[in-house]
1. Scanning region B:90-113 for residues that are part of a strand (DSSP E or B), closer than 25 Å to residue A:48 by Cβ and of a type in the set (S, T, N, Q), which turns out farthest from the other protein chains (Cβ to nearest Cβ)?
2. Kindly evaluate residue B:51 against the criterion of being of a type outside the set (A, V, I, L, M), in contact with a Gly (Cβ under 6 Å, 6 or more places away or on another chain) and on the phi > 0 side of the Ramachandran plot.
3. Looking only at region B:2-12, decide whether some residue is at positive phi and out of contact with any helix residue (DSSP H, G or I) (no Cβ under 7 Å at 6 or more places or on another chain).
4. Looking only at region A:38-72, count every residue that is more than 11 Å from chain B (Cβ to nearest Cβ), in a strand (DSSP E or B) and not aromatic (Phe, Trp, Tyr) and tell me the total.
5. Please work out which residue is nearest to the other protein chains (Cβ to nearest Cβ), limiting yourself to region B:43-60 and to residues that are outside any strand (DSSP E or B), touching a residue at least 12 places away in the same chain (Cβ under 8 Å) and under 13 Å from the mean Cα position of the chain (by Cα).
6. Being open to solvent by less than 40 Å² (accessible area, probe 1.4 Å), away from chain B (no Cβ under 14 Å) and assigned to a loop (DSSP other than H, G, I, E, B) is the filter here; which residues of region A:87-115 pass it?
7. Taking region A:33-62 on its own, how many of its residues are closer than 30 Å to residue B:88 by Cβ, open to solvent by less than 60 Å² (accessible area, probe 1.4 Å) and modelled with pLDDT of 90 or more?
8. Tally time: how many residues in region B:74-109 are without any contact (Cβ under 8 Å) to a residue 40 or more places away in the chain and open to solvent by 30 Å² or more (accessible area, probe 1.4 Å)?
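The values are calculated or read from the model by the stated rules, or taken from the named source; none is laboratory data. Every value quoted in this text rests on a predicted model; they were computed, and no experiment measured them. Positions of Cβ are generated from backbone atoms using ideal geometry, with glycine treated the same way; all protein chains shown enter the neighbour counts. In case anyone asks, the SASA skips ligands and DNA or RNA and just uses the protein heavy atoms, side chains included. Shrake-Rupley method; radii C 1.70, N 1.55, O 1.52, S 1.80 Å.
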Amino acid sequence: AQSVAQPEDQVNVAEGNPLTVKCTYSVSGNPYLFWYVQYPNRGLQFLLKYITGDNLVKGSYGFEAEFNKSQTSFHLKKPSALVSDSALYFCAVRPYGGATNKLIFGTGTLLAVQP
Amino acid sequence: GAGVSQSPSNKVTEKGKDVELRCDPISGHTALYWYRQSLGQGLEFLIYFQGNSAPDKSGLPSDRFSAERTGGSVSTLTIQRTQQEDSAVYLCASSLESGGEAFFGQGTRLTVV
């Protein structure tokens with residue numbers, strides 16, 4: 001079965017420190033990988049995606065993510081966290097060339113950045 | 001429009017009534033998705049459209065749920081004989097192509113009383 005795992009329900013980090021939000025996936029074939037952010041009472045916003053090419057992708061608000069094929073991971077990172085980064089983060093995968101193009105989402109990780 | 005538009009933004013209905021939720025995708029986007037998000041939960045896939053056809057409707061939880069898309073644009077999600085467990089935020093998203101990123105609407109918050 002195709003799936004996405006976000007092993008941490010919540011990540012706490014102090015402002016100014018680097019942050020990592022973990023994501024691993026299980027799909028057949030090559031994946032398209034995405035990160036979304038959801039602020040309270042708002043819809044999901046696209047952050048970044050990996051399709052092909054450089055394993056390190058850069059996205060909005062200073063976030064980046066590294067695709068690791070051998071570890072089937074796509075962890076979200078930021079060198080210096082801001083209090084305003086506090087939100088719910090979702091990893092998603094779309095299998096390439098499969099029977100369906102639906103996005104499969106992880107369960108989300110709540111990022112709390114303390115001042 | 002500039003983004004994905006969903007209506008209504010909030011809907012309160014009595015148990016047993018039917019409801020229709022509407023999604024206007026970004027113009028030109030061929031793929032359209034419906035998801036459901038319950039309080040404190042992740043996103044539950046419901047159905048995916050490519051054009052007017054639905055190659056994947058595996059996430060519809062029961063035969064009370066149905067969806068259609070007309071003209072390759074507007075989509076309607078219908079829930080018949082609503083139950084309290086149907087209460088959730090229903091999110092619609094569209095993407096330019098099947099491999100591209102999806103853009104989400106603000107959602108419809110459905111409350112069944």
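1. Going through region B:90-113, the residues part of a strand (DSSP E or B) turn out to be B:90-95, B:103-104, B:108-112.
Those left that are additionally closer than 25 Å to residue A:48 by Cβ: B:91-95, B:103-104.
Imposing the further condition that a residue be of a type in the set (S, T, N, Q) reduces the set to B:94-95.
Numbers: B:94: 11, B:95: 8 Å.
Applying the filter and picking the extreme gives B:94.
2. yes
3. no
4. Residues that pass the stated criteria total 7.
5. The selected residue is B:59.
6. Once the filter is applied, which keeps residues that are open to solvent by less than 40 Å² (accessible area, probe 1.4 Å), away from chain B (no Cβ under 14 Å) and assigned to a loop (DSSP other than H, G, I, E, B), region A:87-115 yields nothing.
7. Here the count works out to 15.
8. 2
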